[in-house]
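Visitor: Below is one structure. I have some questions about it.
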Amino acid sequence: MSLSKEQIAQRIAREVKDGYYVNLGIGIPTLVANFVRDDIEVEFQSENGILGMGPFPYEGEEDPDLINAGKQTITAMPGASFFDSAMSFSMIRGQHVDLTILGAMEVAQNGDIANWKIPGKMVKGMGGAMDLVASADNIIVAMMHTNRAGESKLLKRCSLPLTGVNCVKKVVTNLAVLEITNNAFRLLERAPGVSIDEIKNATEGELHIDGDIPEMKF
Amino acid sequence: MINKIVANVSEACQGVKDNMTLMLGGFGLSGIPENSIAELVRLNVKGVTCISNNAGVDDFGLGLLLQKRQIKKMISSYVGENAEFERQMLSGELEVELIPQGTLAQRCQAAQSGIPAFFTPAGYGTEVAEGKEFREFNGKMHIMEKAFKADFAFVKAWKGDAAGNLIFKGTARNFNPNMCGAATITVAEVEELVPVGMMDPNQVHIPGIFVQRIFKGEKYEKRIEQLTVRKKD
């Protein structure tokens, strides 16, 4: 069974360690916050200017002056801080953020990522993604393994305009957990009940499979 | 104390002309200079270049200027919320320069600080880097980015005083402080204009030297773009 978006987020949450400052992108990455163990201390940074982002507000308590990078109303945790955009990106480019989790349209086996533009069709912009991927050491991509047409999003080379080069280290999809190393996707884990062949068929890029591949644990 | 107060929004916007370059603070619809935008619509200035992280939504924020075809060029990092924007851009009516968000903030900051250019790794190897100067620092490639040049910066703060000192609230701060003093004239609109001496100097985010004109906004709609809430148990 391939994973739901919530389950992808749940699996990625296991990569979040005690003491981490974490930046979550829009989409599946936002859901990761819901699944982080409550016995560890983690602070979420949102690039529009908050460190220590909390859950959505209770009904009626929403504040238009308190949103996340997805423009959703949020709350601030005890110990949170607000800052301007330049300082926010000082945290990001200055490598003070420990883990970046973001979505992608395509990832290549050399770690290139594309997620901001489909020429002639969709141009939303890169937001903070180019700053994040250019500077972060620890980047995890959360995405579906294939697009709506069933084509692989894990490629030999990205076909869409790039967001960053040689930067993605790990990819978690609805089918698998993969590490990018030696110009290939190395299969680390598979979704419960998903076969190696299913993953092979859905991966256009070079796929390395060494020994037995365990199923993901949640 | 040098008094920066102007009577109203129309006095604050005096001197804005066609084809100027304008900076506008805000992230999404949070912390946007609502009153100044309304005045720019009323003045019907044309052919302006806007430097702003986002382009508003169809019927609010910079979307209002887009509707009236007042904008010639947008310099932004993310424009996904505005269908009219996307239409004008894909049809070629609107010139658009999309740049990384951190680069956008730093180009404002550089203009504010008198730094003509800086190097950043953001966008290296992508179309953002095309035509720009590269340099390697510490084994990593960087792109040279230049400070913005703008005629007016329109920012929105929570509180301000006659000296032009500003305090921002929550994530409505965003690009507003970085744009202060980054243009020839900075216009600050505030929700509360407090008497001089009532603002604790320790709490001031932006000193008045970066602000030329300040006024109290007549009204604030403060529209929420994505209302997300949870239920009480």
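The values are calculated or read from the model by the stated rules, or taken from the named source; none is laboratory data. Computed from a prediction, not measured in an experiment: that's the story for all the values here. In this analysis, Cβ positions are derived from the backbone assuming ideal geometry, glycine residues included, and neighbour counts consider all displayed protein chains. In case anyone asks, the SASA skips ligands and DNA or RNA and just uses the protein heavy atoms, side chains included. Shrake-Rupley method; radii C 1.70, N 1.55, O 1.52, S 1.80 Å.
Visitor: Over the Cα atoms of the stretch B:1-137, what Rg and Dmax result, in angstrom?
Guide: Rg, Dmax (Cα atoms, Å): 16.3, 51.
Visitor: Now for a separate question. Name the residues of the stretch B:11-33 whose accessible area falls by at least 50 Å² when all protein chains are present instead of the chain alone, probe 1.4 Å?
Guide: Buried by 50 Å² or more upon assembly, which counts only protein chains, are B:Phe27.
Visitor: Would you mind checking the pairs A:Lys117/B:Lys17; B:Lys4/B:Lys132; A:Lys121/B:Lys46; A:Lys121/B:Lys219 and listing those with alpha carbons more than 29 angstrom apart?
Guide: Over 29 Å apart, Cα to Cα: A:Lys117/B:Lys17; B:Lys4/B:Lys132; A:Lys121/B:Lys219.
Visitor: Return the Rg/Rh value of the protein assembly as shown, two decimal places, where both radii are evaluated on C-alpha atoms and Rh is the Kirkwood radius.
Guide: Value, to two decimals: 0.99.
Visitor: For chain B, max minus min Cα coordinate along each principal axis, in Å, sorted largest first?
Guide: Principal axes ranked by extent give 54, 51, 40 Å for the Cα atoms.
Visitor: Which one, B:Leu64, B:Gly139, B:Met74, projects farthest toward the positive side of the charge dipole computed for the stretch B:64-177 from Cβ point charges (K/R +1, D/E -1)?
Guide: B:Leu64
Visitor: Taking the Cα centre of each part, how many Å lie between the stretch B:100-129 and the stretch A:144-218?
Guide: Rounded to whole Å, the Cα centres lie 33 Å apart.
Visitor: A further question follows. How big, in percent, is the set of alpha carbon pairs in the stretch A:77-123 lying more than 17 Å apart?
Guide: 61 percent
Visitor: Here's another thing I want to ask about it. Per q in 0.11, 0.13 Å⁻¹, report the Debye log10 I(q)/I(0) for the stretch A:1-130, using one uniform scatterer on each alpha carbon and no solvent.
Guide: Log-scaled intensity ratios, in q order: -0.42, -0.59.
Visitor: Nearest 5 is fine: what % of DSSP beta bridges in chain B come out antiparallel, could you say?
Guide: Percentage antiparallel, nearest 5: 30.
Visitor: Then there's this: ³J(HN,Hα) across the stretch A:87-98 via Karplus (A = 6.51, B = -1.76, C = 1.60, θ = phi - 60°), whole Hz, x for Gly/Pro?
Guide: Working through the residues one at a time gives 5, 4, 7, 5, 5, 7, 5, x, 6, 8, 8, 7 Hz.
Visitor: Can you give the three extents of the C-alpha atoms in the stretch B:30-87 along their principal axes, from longest to shortest, in whole Å?
Guide: On the principal axes, the stretch B:30-87 reaches 27, 23, 18 Å in Cα extent.
Visitor: Here is a follow-up. How long, wide and thick is the stretch B:152-228, going by the Cα atoms along their three principal axes, in whole angstroms, largest first?
Guide: Taking the Cα atoms of the stretch B:152-228, the three principal extents are 37, 28, 24 Å.
Visitor: What is the set of long-range amide H partners of A:Thr181 at a cut-off below 5 Å, with H atoms built 1.01 Å from backbone N?
Guide: A:Arg186
Visitor: Which whole number gives the average, over all residues in A:84-97, of C-beta atoms from other chains lying within 10 Å of the residue C-beta?
Guide: Taking the mean over all residues of the peptide, I get 6.
Visitor: So, one more: Percent antiparallel among DSSP beta bridges with both residues in the stretch B:126-233, to the nearest 5?
Guide: 35 percent
Visitor: Per residue, what accessible area does chain A have, given a 1.4 Å probe and all protein chains present, in Å²?
Guide: Per residue, chain A has an accessible area of 43 Å².
Visitor: Could you work out, for chain A, what percent of all Cα-Cα pairs fall into each 10 Å distance bin, beginning at 0 Å and stopping at the bin that holds the largest distance?
Guide: 8, 34, 36, 18, 4, 0
Visitor: Assuming a viscosity of 1.567 mPa s and a temperature of 4 °C, what translational diffusion coefficient in µm² per second does Stokes-Einstein assign to the stretch A:1-64, Rh being the Kirkwood radius over Cα pairs?
Guide: 101 µm²/s
Visitor: What do you get when you divide the Cα radius of gyration of the stretch A:157-218 by 2.2 N^0.38 Å, with N the number of residues?
Guide: Ratio of Rg to 2.2 N^0.38 Å for the stretch A:157-218: 1.15.
Visitor: Percent of Cα-Cα pairs per 10 Å bin, from 0 to the last occupied bin, for the stretch A:53-111, please list those.
Guide: 17, 40, 30, 12, 2
Visitor: Can you give me the Rg/Rh ratio for the stretch B:81-164, using Cα atoms for both radii and the Kirkwood formula for Rh?
Guide: Numbers: Rg = 16.5 Å, Rh = 15.4 Å.
A ratio of 1.07.
Visitor: I would also like to ask the following. Which of the residues in the stretch B:76-90 lose at least 40 Å² of accessible area when you go from the chain alone to all protein chains together (probe 1.4 Å)?
Guide: B:Tyr78, B:Glu86, B:Leu90
Visitor: Have a look at the DSSP beta bridges in the stretch B:1-108 and tell me what percent are antiparallel, nearest 5.
Guide: Roughly 15 percent of the DSSP beta bridges within the stretch B:1-108 come out antiparallel.
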